[in-house]
Amino acid sequence: MKINKIDHICVAVKNLEAAQAVWGPVLGKLKPDVEYEDESEKIKVARYWLGDVGFELMESLSPDGEVAKFIEKRGEGIMLISFNVDNTRDAMDELKQQNYPFIGGPRRFKGCEFAFIHPDKMNGVLLELIDDKGSALEK
């Protein structure tokens, strides 16, 4: 499996607006480059572009969302690292042959697909594979 780059890094936060006030000055940006909500994933996101890598602050839209569960268990902090691959399904097939456990199957997002490798296998890190070609969240 070829990794093209780190696609994005996600930080789970309790309050997105408060987190933006803290992170914005450090990142040298008055506001995020992209903001969106993903109802299916139960998240509200502020994305900042750092070169061609996304840095995301994520707030849960629901107490039963994965971000809320993460914060409840581990507190705010880095929740996810995403690797950009050519084809998510091909990468999944290759890693499944090496006994990497996935959380469900591939999921759709704005013209691309992504999947999660279980954090128990990845030293506690939720690892995402995504085949975004640069159009899902334009700079």
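Just a few scattered comments:
- Of all the numbered requirements in (1) under 19 Å from Glu128 (Cα atoms); (2) among the basic types (Lys, Arg); (3) without any contact (Cβ under 8 Å) to a residue 24 or more places away in the chain; (4) in a helix (DSSP H, G or I), Lys73 misses one, and that requirement is (1).
- Only listed residue being surrounded by fewer than 17 Cβ atoms within 10 Å (Cβ to Cβ), of a type outside the set (D, E, K, R) and within 17 Å of the chain's Cα centre (by Cα), chosen from Gly77, Gly65: Gly77
- Restricting region 1-57 to residues that are over 24 Å from Arg108 (Cα atoms) and charged (D, E, K, R), the residue that is surrounded by the most Cβ atoms within 10 Å (Cβ to Cβ): Lys29
- On inspection, Met79 passes the criterion of being in contact (Cβ under 8 Å) with a residue 24 or more places away in the chain and assigned to a strand (DSSP E or B).
- When the residues of region 2-59 are filtered to those that are among the acidic types (Asp, Glu) and touching a helix residue (DSSP H, G or I) at 6+ places or on another chain (Cβ under 8 Å), the one that is modelled with the lowest pLDDT is Glu41.
- Selection within region 1-26 - assigned to a strand (DSSP E or B) and closer than 23 Å to Glu66 by Cα: Ile6, Asp7, His8, Ile9, Cys10, Val11, Ala12, Val13
- Those residues of region 87-120 which are in a helix (DSSP H, G or I) and not small (Gly, Ala, Ser), in sequence order: Thr88, Arg89, Asp90, Met92, Asp93, Glu94, Leu95, Lys96
- Restricting region 86-139 to residues that are of a type in the set (A, V, I, L, M) and over 21 Å from Met58 (Cβ atoms), the residue that is surrounded by the fewest Cβ atoms within 10 Å (Cβ to Cβ): Leu95
The values are calculated or read from the model by the stated rules, or taken from the named source; none is laboratory data. Only a predicted model underlies this, so the values are computations on that prediction, with no experimental measurement involved. Every residue, glycine among them, receives a Cβ derived from its backbone with ideal geometry; neighbour counts consider all protein chains shown.
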